[in-house]
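Readers should treat all values here as calculations from the given coordinates under stated rules, not as data from a laboratory. Not measured: the values here are computed from a predicted model. All Cβ positions, glycine included, derive from the backbone under ideal geometry; neighbour counts span all protein chains shown.
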Amino acid sequence: MTIEFPYKIQSRTLNKERHSRYHYPIVPAIIEIPEINVSSAPFTENFLIDSGASISILHQRNKRFFESATPFDTTNIVFGNSEVKLDVYKIRLKIEGTEIGISVALAKNMKINYSLLGYFQGIEAFDIFVMNNKKRVFKLVKT
C-alpha cells in the first residue's frame, strides 16, 4: 500500500519571492481516540512529517477531543528555547483508509499551523518514506 501526496507550500515566509517558498510534506489524517470513542471525521488534521521529532505532537486546536480522555504519560518537549511538559495520549490516525496507532503529545501553545507526525509509532509505522523533491511529492509505503 502506498500513500502519495504533493508537498504543500508554506505560506508564512518573510520574503514572498519565488525562491523563498518552502515545500513541506503534509499528510491529512482523521484523528480517533478509541478510549472514549471520539473521531474528528469527516474533518482531517494536517500533519507535517517531521523525521526529526521523536514523538508526534497534536496541535492545541484539537484539545476539545481530549476533554474526557485520560493521558497515559507525560513528556518534556523543547520548543525553541523553552521546555514544556505535555500530556501523552494513545490515538489512531486514519490516512487514506489506513489506520495506525500512535502515541501523541497534546501541545498547549504550538506556533506553527500543523500537527507533527514524528518518528515513534508515526513515521516508523511505514516501511518506506520517500521525498521526491523534483516532483514535489512524498510517499508513505507499507509493504
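Do the alpha carbons of any pairs in LYS8/LYS111; LYS111/LYS134; LYS85/LYS142 sit beyond 24 Å of each other, and which pairs? Checking Cα-Cα distances, LYS111/LYS134; LYS85/LYS142 exceed 24 Å.
On a full-extension model of 0.36 nm per residue, what is the gain between ILE112 and ASN81, subtracting their alpha-carbon distance, rounded to one decimal in nm?
Details: separation 31, 0.36 × 31 = 11.16 nm, distance 1.54 nm.
Full extension of this stretch gives 9.6 nm more.
Sorted fewest first by neighbouring Cβ atoms within 10 angstrom, ARG64, ARG136 come out as ARG64, ARG136.
Just rank ILE57, ILE49, fewest to most, by other beta-carbon atoms within 10 angstrom. Before the final figure, lay out the partial values.
Working: ILE57 26, ILE49 22.
In order of increasing Cβ crowding within 10 Å: ILE49, ILE57.
Full extension of the segment from LYS135 to GLU96, taken as 0.36 nm per residue of separation minus the current Cα-Cα distance, would add 12.0 nm.
Scaled to the compact-protein estimate 2.2 N^0.38 Å, what is the alpha-carbon radius of gyration of the chain, rounded to two decimal places? Walk me through the intermediate numbers first.
Values: Rg = 15.4 Å, N = 143, 2.2 N^0.38 = 14.5 Å.
The chain yields a ratio of 1.06.
When each of MET110, MET1 is scored by the number of other beta-carbon atoms lying within 10 Å, the sequence from fewest to most is MET1, MET110.
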